[in-house]
Structures are given as C-alpha cells and as structure tokens.
1. How many residues, within the range 145-200, are of a type in the set (Val, Ile, Thr) and farther than 19 Å from residue 90 by Cβ?
2. Inside the range 30-83, can you point out the residues that are open to solvent by 50 Å² or more (accessible area, probe 1.4 Å), more than 20 Å from residue 11 (Cα to Cα) and of a type in the set (A, V, I, L, M)?
3. Run down 5, 17 and say which single residue is in a strand (DSSP E or B) and crowded, with 24+ Cβ neighbours inside 10 Å.
4. So which residues in the range 94-119 are out of contact with any helix residue (DSSP H, G or I) (no Cβ under 7 Å at 6 or more places or on another chain) and either exposed (fewer than 13 other Cβ atoms within 10 Å of the Cβ) or outside any strand (DSSP E or B) (or both)?
5. Could you tell me which numbered condition residue 144 fails, if it satisfies all but one of (1) surrounded by fewer than 18 Cβ atoms within 10 Å (Cβ to Cβ); (2) touching a Ser or Thr at 6+ places or on another chain (Cβ under 8 Å); (3) among the charged types (D, E, K, R)?
6. When the range 97-122 is examined, which residues are found to be farther than 17 Å from residue 137 by Cα and among the β-branched types (Val, Ile, Thr)?
7. I'd like to verify a number: residues in the range 186-217 that are farther than 27 Å from residue 102 by Cα, open to solvent by 40 Å² or more (accessible area, probe 1.4 Å) and either hydrophobic (A, V, I, L, M, F, W, C) or modelled with pLDDT under 95 (or both), how many?
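The values are calculated or read from the model by the stated rules, or taken from the named source; none is laboratory data. Here the structure is a predicted model, which means the values were calculated and not measured. Glycine gets a Cβ as well: all are built from the backbone with ideal geometry, and neighbour counts include every protein chain shown. When the accessible area is computed, the model is the full protein with side chains, heavy atoms only, and any ligands, DNA or RNA have been set aside. Shrake-Rupley method; radii C 1.70, N 1.55, O 1.52, S 1.80 Å.
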Amino acid sequence: MCGIIGILGSEPAAPRIIEALKRLEYRGYDSAGIATLDADGAMQRRRAPGKLKNLDEALASDPVTGDQGIGHTRWATHGLPTQANAHPHVSGPVAVVHNGIIENFRELRHELEAKGHTFQTETDTETIAHLIAANMKSGMSEIEAVQAGLGRLEGAFALAFLFEGRPDMLIGARKGSPLAIGIGDGEMFLGSDALAVAPFTNRVIYLEEGDWCVLSRESYKIFD
C-alpha cells in the first residue's frame with residue numbers, strides 16, 4: 001500500500017518529507033516523489049523510480065525549497081514504475097498524491113481530453129489533478145474544486161492536495177483508504193498513518209470514511 005505525507009511546517013519540508021517516507025517503506029513501493037512550494041508559492045517537484053535513495057540523489061543534485069509540501073511512495077497499478085508515472089501528479093496549479101484506485105478514471109480522462117486537457121502519464125491519479133484544475137479554471141476556489149471533484153470519483157482513495165500560490169493550505173480526503181491529520185505547534189501534517197507523522201507530533205486525528213479536510217498551520221476543518 002502506498003504512503004502519503006503532507007506538511008505545513010515551520011522548517012524546510014523536503015528533509016522531513018523524506019524522513020516520513022522512510023518510515024513508510026514497510027508498506028512497499030517502487031517509486032517516490034515530493035512537491036513543495038517555494039517562498040514565492042511556486043511549485044517544485046522531484047520524482048524517481050526505485051528506492052528512496054534515488055529520490056535522495058535527485059534532491060541532492062537539484063534541491064527544492066519551502067516549508068510546505070507533499071510526498072508519496074507508490075506501488076504501480078496503472079502504468080509502469082517510471083519517473084513520469086510517480087506521484088505527485090500535477091495539472092496547472094494542482095499537485096496531488098493518492099493511495100487507492102479510481103475506478104472511473106478512463107471515463108473522466110476522456111471527458112477532460114475532450115475539453116483540451118493533455119495527459120502525460122498512464123495513471124489514474126493524474127486524472128484527479130486535471131479534474132480539480134478544470135474545476136478551478138471554471139471559477140471555483142480550491143476548496144470548492146476539491147469538494148466538487150470528490151463527488152465525481154468512484155473507487156478508493158486517500159488524497160493530499162497542494163496548490164501553487166497557496167502557502168498556507170493543504171487539503172486531504174479519504175474514502176476506503178486511511179488518512180490522518182497530525183496537529184503540531186503552528187504546524188499541520190497529513191499522513192497515511194500515524195507512523196508517517198510520528199516524528200513531528202503525537203496528536204493525531206484519523207479521518208472517518210468519506211471525510212475530507214482543509215488544513216492551515218494554525219487550524220483544521222473536517223467535512224463529511
């Protein structure tokens with residue numbers, strides 16, 4: 001099962017994301033990646049097939065900055081374990097990591113392609129990023145776009161969203177796959193289990209089935 005970590009922090013995010021992903025290696029994986037927002041709110045992304053040491057090497061040669069980000073370890077389901085298919089997936093201002101399987105992704109993908117969206121991967125997850133980006137392009141806010149998008153997804157998922165230009169927001173959601181909120185001191189975290197956020201806080205809330213959440217550094221809201 002894949003691993004998820006999301007951080008709204010007060011110190012550089014990349015080392016903490018890697019630390020959390022290493023704690024999730026027991027789940028098994030064949031690729032890994034992270035996305036962060038720099039001080040200007042611009043998205044940065046690094047991905048690598050294989051073990052986390054490959055992602056470590058990619059970050060050493062081409063570092064990312066920022067104290068906010070999401071990370072993922074992936075077991076390939078749709079598409080081979082390549083760099084292109086590794087999470088996070090991005091469309092416009094949206095980056096997403098995903099555990100689970102979206103059963104109706106082909107239907108959604110065809111719908112989005114008809115609207116002019118171009119896909120770069122073979123994954124079901126990229127469809128989620130394009131769906132939320134399309135909602136935002138239609139005039140929805142980030143929160144509205146996720147709420148509307150979740151209603152279109154069939155299957156199982158734990159999701160963490162990062163948005164370019166929104167340096168104090170993470171959004172998470174779960175249906176059929178676990179996801180937890182970690183509450184820190186002026187920091188917030190998302191994790192696929194408590195082990196992911198254990199280095200940073202011992203205060204954890206597990207989302208219930210069908211819940212989704214909006215996090216800032218100082219607060220969280222949970223919706224059903």
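1. Filtering the range 145-200 down to residues of a type in the set (Val, Ile, Thr) leaves 146, 171, 181, 183, 197.
Add one more test, that the residue is farther than 19 Å from residue 90 by Cβ, and what stays is 181, 183, 197.
Within the range 145-200, residues that are of a type in the set (Val, Ile, Thr) and farther than 19 Å from residue 90 by Cβ number 3.
2. Result: 80, single match.
3. Being in a strand (DSSP E or B) and crowded, with 24+ Cβ neighbours inside 10 Å holds for just one of 5, 17, which is 5.
4. 103, 104, 106, 107, 110, 111, 113, 114, 116, 118 - these are the residues of the range 94-119 that are out of contact with any helix residue (DSSP H, G or I) (no Cβ under 7 Å at 6 or more places or on another chain) and either exposed (fewer than 13 other Cβ atoms within 10 Å of the Cβ) or outside any strand (DSSP E or B) (or both).
5. Only one criterion is unmet by residue 144, namely (2).
6. 97, 101, 102, 121 - these are the residues of the range 97-122 that are farther than 17 Å from residue 137 by Cα and among the β-branched types (Val, Ile, Thr).
7. Of the residues in that region, 3 qualify.
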